[in-house]
1. Scanning region 71-83 for residues that are crowded, with 18+ Cβ neighbours inside 10 Å and within 6 Å of the ligand (Cβ to nearest atom), which turns out nearest to Tyr37 (Cα to Cα)?
2. Mind checking which residues of region 5-27 are in a helix (DSSP H, G or I), touching a residue at least 24 places away in the same chain (Cβ under 8 Å) and in contact with a Phe, Trp or Tyr (Cβ under 7 Å, 6 or more places away or on another chain)?
3. If you go through region 47-68, how many residues are surrounded by 12 or more Cβ atoms within 10 Å (Cβ to Cβ), away from the ligand (no atom under 16 Å from the Cβ) and part of a strand (DSSP E or B)?
4. Filtering region 44-86 down to residues that are over 9 Å from the mean Cα position of the chain (by Cα) and hydroxyl-bearing (Ser, Thr, Tyr), which residue is nearest to Asp6 (Cα to Cα)?
5. Can you tell me which residue is nearest to the chain's Cα centre (by Cα) among those in region 87-96 that are buried (at least 16 other Cβ atoms within 10 Å of the Cβ) and more than 9 Å from the ligand (Cβ to nearest atom)?
6. With a cut-off of at least 3 residues that are farther than 23 Å from Pro31 by Cα, name the strands (runs of 3 or more DSSP E) lying wholly within region 97-149.
7. Any chance region 89-99 includes a residue that's at pLDDT below 95 and of a type in the set (A, V, I, L, M, F, W, C)?
Amino acid sequence: MTQRADLAIEMFSEENIRGVAEIAKRCFTTPWSEEIYRRELENPQSVGFVCKDGDAVIGMIHCNFVLDELTLNTLCVDADYRRQGIAKRLWNAVTEMMQGVCTVCYLEVRESNLPARKLYESLGFTQNGYRPRYYSQPDEAAVLMQCAL
Ligand SMILES: CC(C)(COP(=O)(O)OP(=O)(O)OC[C@H]1O[C@@H](n2cnc3c(N)ncnc32)[C@H](O)[C@@H]1OP(=O)(O)O)[C@@H](O)C(=O)NCCC(=O)NCCS
């Protein structure tokens, strides 16, 4: 599908943090609360971007970092906007910002989440571990992945 140039990428802010929590609710069975995302605004070890269609948050990515290690916590795009390169644009925004700061990124993904696993492979991640029964609601193993930045 063609990419829409009018969809803006912005950093997490007071203005869009409610939209961040709302898209997390739409996309995940155990989302972080608005309060948790709001606290991340004050966290200097946190980096987050949204993709907006007008005022609506339709995609977001959130990561934390310690020294040179980045952890990708959340990446989601609303169902109607998928396969338009938005997740990739959000990831590129993070890697651009973290250039010269982080050298590696880690993440965990549900074993059955093939769209996400395909996305991460396309971004250069490779599997470096496996944790049985890591997730709940529903119970499921985690595939651990890493990528050099
Ligand atoms: C996973 C997710 C974030 C992908 O977002 P997206 O904006 O559709 O991804 P992109 O359009 O940037 O995809 C980039 C590449 O990833 C791969 N990919 C993405 N979705 C895929 C799918 N459903 N099936 C196969 N490959 C897929 C493809 O290689 C794709 O490139 P292509 O479209 O040129 O083939 C989205 O499906 C989503 O929000 N899912 C629900 C939440 C979730 O599971 N998040 C990840 C766990 S934290």
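The values are calculated or read from the model by the stated rules, or taken from the named source; none is laboratory data. None of the values given here were measured: they were computed from a predicted structure. As a convention, Cβ positions derive from the backbone with ideal geometry for all residues, glycine included, and neighbour counts pool all protein chains shown.
1. Taking the candidates together, the pick is Thr74.
2. Passing the criteria: Ile17, Val20, Ala24.
3. Looking only at that region, the number is 1.
4. Checked region 44-86; the qualifying residue nearest to Asp6 (Cα to Cα) is Tyr81.
5. Val94
6. Fully inside region 97-149 and qualifying: 126-135.
7. no
Conditions tested, residue by residue: (1) in contact with a strand residue (DSSP E or B) (Cβ under 8 Å, 6 or more places away or on another chain); (2) more than 27 Å from Ala148 (Cβ to Cβ); (3) acidic (Asp, Glu).
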position: Asn16; (1), (2), (3): yes, yes, no
position: Ala24; (1), (2), (3): yes, yes, no
position: Gly54; (1), (2), (3): no, yes, no
position: Gly59; (1), (2), (3): yes, no, no
position: Asn64; (1), (2), (3): yes, no, no
position: Leu67; (1), (2), (3): no, no, no
position: Thr71; (1), (2), (3): yes, no, no
position: Asp78; (1), (2), (3): yes, yes, yes
